[in-house]
Each structure stands twice: as C-alpha cells, then as structure tokens.
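Enquirer: Following this message is one structure expressed as structure tokens.
What follows is calculated from the coordinates using simple rules that are stated; it is not laboratory data. Being a predicted model, the structure only gives us computed values, none of them experimental. Because the Cβ atoms are built from the backbone with ideal geometry, glycine has one as well, and the counts that use them run over all protein chains shown.
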Amino acid sequence: MSAEQLVTVMERLLDLHKELLDKAFQKTTIIEKGDIDALNTLIKDEQKLVININKFEQVRQQFVRNFLTPFHVEGENFTISTCLTYIDDLNKDKLADLRDELLEVAQKLQKQNELNSDLVKQSLQFVQMSLDMFYPKTPEFNYGPPKQTGTSTSNSLFNRKA
C-alpha cells in the first residue's frame, strides 16, 4: 500500500464532503423558499453522495489497515493520525492537510445541517399554527357519549325504559 494511494482516497473523500456541504447550503435556500419539489430532488442527490462517501470511507479504512499492517499497529489505532507517524515526509504534509481540511468541512456540514433542521422545525411549527388558526378546535356540546367522571352512569331521561 502506497502513501500516494492513501492521499488520493483522502482527496476524493474531501471532494465528496465539499460537494455535500454545497448541497447543504442549497438546501437552506430551498427550505427558506419553501420549494418542496426542489427539496425532494436535492435530498435524492444528497443520498447518492452519502452512499459514495460511505463507499470511499470503507476504501479509506481498508487502505489505512493495509498501510499500517506491516508496522504491527493494533486495530484500534488504524487512523490517519497513526499513518502520519509512519508515512514519508513528502506525503506527510499532504495527508495532514487533507485530514485537517476534511475535519473542518465535516464541522461546517454539521452546523449547516443543524441550521437546516431548525428551519424545517420552524416551518412545521408555522404550518401547524396556521392550520390551528384556520381550523380551530370547536368545543363539544352535549352530543356524544357522556363523559365518565368516576360516578356510575346517570339515568337521564333518554336512558330510562318506558
């Protein structure tokens, strides 16, 4: 396993995460506009990206495992940070920069997704409030079964035998 292959996989992972972050920013705009059709299309695109990210993450994990196996590294230490201790100086800086940039993009993505989630919740609250204003709950009058108050059923005029 070469360090160049590991750098290439990390570059691809970073590109996919940046693309997902762009989709998250687009989603914010779409949510603000309230365009449901565009939101559905964007969510489908995001799902495809997430599937690709998961595939490349599995490839990255395998590459890290293959890279660190000759150095007799334990399983829980199969990380990019561990790779940095065994990698050549030429690729060390590239890999460290990619790792840091990927972490930064992931944090931005998390913040943007939290914002989008809050916007969706606010939109749903607004819709519910609007529905409540247009269709207020009417109080029930005397029609319907009698409410149980803990006492035995009363013998009203309608419940008596003739």
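Enquirer: From the list Leu14, Leu20, exactly one residue is in a helix (DSSP H, G or I) and within 15 Å of the chain's Cα centre (by Cα). Which is it?
Expert: The conditions single out Leu20.
Enquirer: Would you check if there is a residue in the stretch 79-99 being part of a helix (DSSP H, G or I), within 16 Å of Lys18 (Cβ to Cβ) and not aliphatic (A, V, I, L, M)?
Expert: Yes - at least one qualifying residue is present in the stretch 79-99.
Enquirer: Now, a different point. Would you say Ile31 is closer than 30 Å to Gln122 by Cβ, of a type in the set (A, V, I, L, M, F, W, C) and touching a helix residue (DSSP H, G or I) at 6+ places or on another chain (Cβ under 9 Å)?
Expert: yes
Enquirer: If you don't mind, another one. Which number in (1) under 30 Å from Ser117 (Cα atoms); (2) surrounded by 13 or more Cβ atoms within 10 Å (Cβ to Cβ); (3) free of Cβ contacts under 8 Å to residues at least 24 places away in the same chain marks the one condition that Thr82 misses?
Expert: Tallying (1) under 30 Å from Ser117 (Cα atoms); (2) surrounded by 13 or more Cβ atoms within 10 Å (Cβ to Cβ); (3) free of Cβ contacts under 8 Å to residues at least 24 places away in the same chain, Thr82 fails exactly one: (1).
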